[in-house]
Amino acid sequence: MTSPSQISDDAIQTRKADHLRICLDDKVQCKTVTTGFECYRFSHCCLPELALSDIQLSTTFLGKSLDAPFLISSMTGGTELAKTINQRLATVAQHFKIPMGVGSQRIAVEHPQAADTFAVRSHAPDILLLANLGGVQLNYGYNTDTCRQIIDLLAADALILHLNPLQECIQSRGDTNFRGLLSQIEQLCQTLPVPVIVKEVGNGISSDLALRLIAAGVAAIDVAGAGGTSWAKVEGERATDLRQHHLGQTFAEWGLPTAECVTSIRAVAPDIPLIASGGLRNGLDAAKALALGADLAGMAYPFLQAAHESETAVYTLMELLIAELETVLFCTGNATLADLRSSQCLQPNRI
Ligand SMILES: Cc1cc2nc3c(=O)[nH]c(=O)nc-3n(C[C@H](O)[C@H](O)[C@H](O)COP(=O)(O)O)c2cc1C
């Protein structure tokens, strides 16, 4: 096994701070590749035979009850600003009983003084809280014990492993040895005390890969498809040499659109708990993802913008997302998420 690719305190703090600063800028959002949700529209029903107050958004995911099918996607930790953002997000997640992920906890393992920037359990005692690590770190010194450490630090309900080969190619001194990871993921699924979720970071997961992950024992998949935050753009922006900058530009719009990931995975794996994320920007996008078969709708960028502003802004965003999703259910005549999914009310746009 390769030894841990430990990087200095300063370098990793700078990287985390850069990610927050750059991701807050709209210019690292995909521009030409889209999520694919714009190719669908709901069939409007002007006689829903429901009161708006009848709409029920509650659901369960990995055995936990949620008030609404949203996820605050994994983002940050490791700096004082990240700590504030995590605490704001966790407080609102607790209020609305929705799940939340934190950013990669590698920095907390390598620099224990950063651990408290992730430790949000006291702010969100009841939510489905998701630990996070780059899957590739399993080839750089991380193992079951370090994963347990990451889970314990958060008192997490599940561990997310993110797979980000494109980002690692573009990032300076990226960890690019992705050999033999599937069998290590399988091993983790067998030995860890909590379920393992695998996600991308904005380039999507195909149905073929989903089937291999499911066979390895993964409990849920988050497609994190293309159409939203582009990590090629983010790392291209951070690049200090021209080659990496150009790599970032060339692959800026690379990846599988989110809607395509959801439909193709659902077609081959009807029962796997499935999260749609990557470019979802409002409750209407979320409704389309859910109608296509996702169980949860995840968002990073919208929550980052709101949490950077204030806790109130996150609260306001969450209320809006819920109102938008309720409006879709009401105006399609569906009282529950199960009704929405089985109703065939989402149709491809006519050209
Ligand atoms: C500032 C920021 C930091 C992120 N860090 C992580 C991370 O550490 N681990 C991870 O799995 N995903 C990370 N992501 C990726 C998101 O979880 C998500 O997959 C991606 O941004 C696409 O969603 P979006 O288009 O809604 O932003 C990060 C995203 C942002 C905006």
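The values are calculated or read from the model by the stated rules, or taken from the named source; none is laboratory data. Just so it is clear, the model here is predicted, and its values are computed rather than measured. Reconstructed Cβ throughout: ideal geometry from the backbone, glycine too, with neighbour counts over all protein chains shown.
So here's what we get for this one:
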| read-out | value |
| --- | --- |
| Members of region 6-42 found to be aliphatic (A, V, I, L, M), touching a helix residue (DSSP H, G or I) at 6+ places or on another chain (Cβ under 7 Å) and not in a helix (DSSP H, G or I), listed by number | Leu24 |
| Count of region 247-303 residues which are away from the ligand (no atom under 14 Å from the Cβ), hydroxyl-bearing (Ser, Thr, Tyr) and in contact (Cβ under 8 Å) with a residue 60 or more places away in the chain | 0 |
| From the options Val234, Val218, residue that is at pLDDT 95 or above and either more than 27 Å from Gly63 (Cβ to Cβ) or assigned to a strand (DSSP E or B) (or both) | Val234 |
| Exclusive hit being surrounded by fewer than 22 Cβ atoms within 10 Å (Cβ to Cβ), basic (Lys, Arg) and within 21 Å of the chain's Cα centre (by Cα), set Arg173, Arg212 | Arg212 |
| Region 299-332: number of residues that are outside any helix (DSSP H, G or I), buried (at least 16 other Cβ atoms within 10 Å of the Cβ) and of a type in the set (Ser, Thr, Tyr) | 1 |
| Hits in region 73-112 - residues which are more than 9 Å from the ligand (Cβ to nearest atom) and within 11 Å of Leu130 (Cβ to Cβ) | Ala93, Pro99, Met100 |
| Single residue of Glu38, Glu49 found to be surrounded by fewer than 18 Cβ atoms within 10 Å (Cβ to Cβ), more than 22 Å from the chain's Cα centre (by Cα) and of a type in the set (D, E, K, R) | Glu49 |
| Residue count for region 138-162, restricted to those that are buried (at least 21 other Cβ atoms within 10 Å of the Cβ) and without any contact (Cβ under 8 Å) to a residue 40 or more places away in the chain | 3 |
| Yes/no for Thr240 being at pLDDT below 95, more than 12 Å from the ligand (Cβ to nearest atom) and out of contact with any strand residue (DSSP E or B) (no Cβ under 9 Å at 6 or more places or on another chain) | yes |
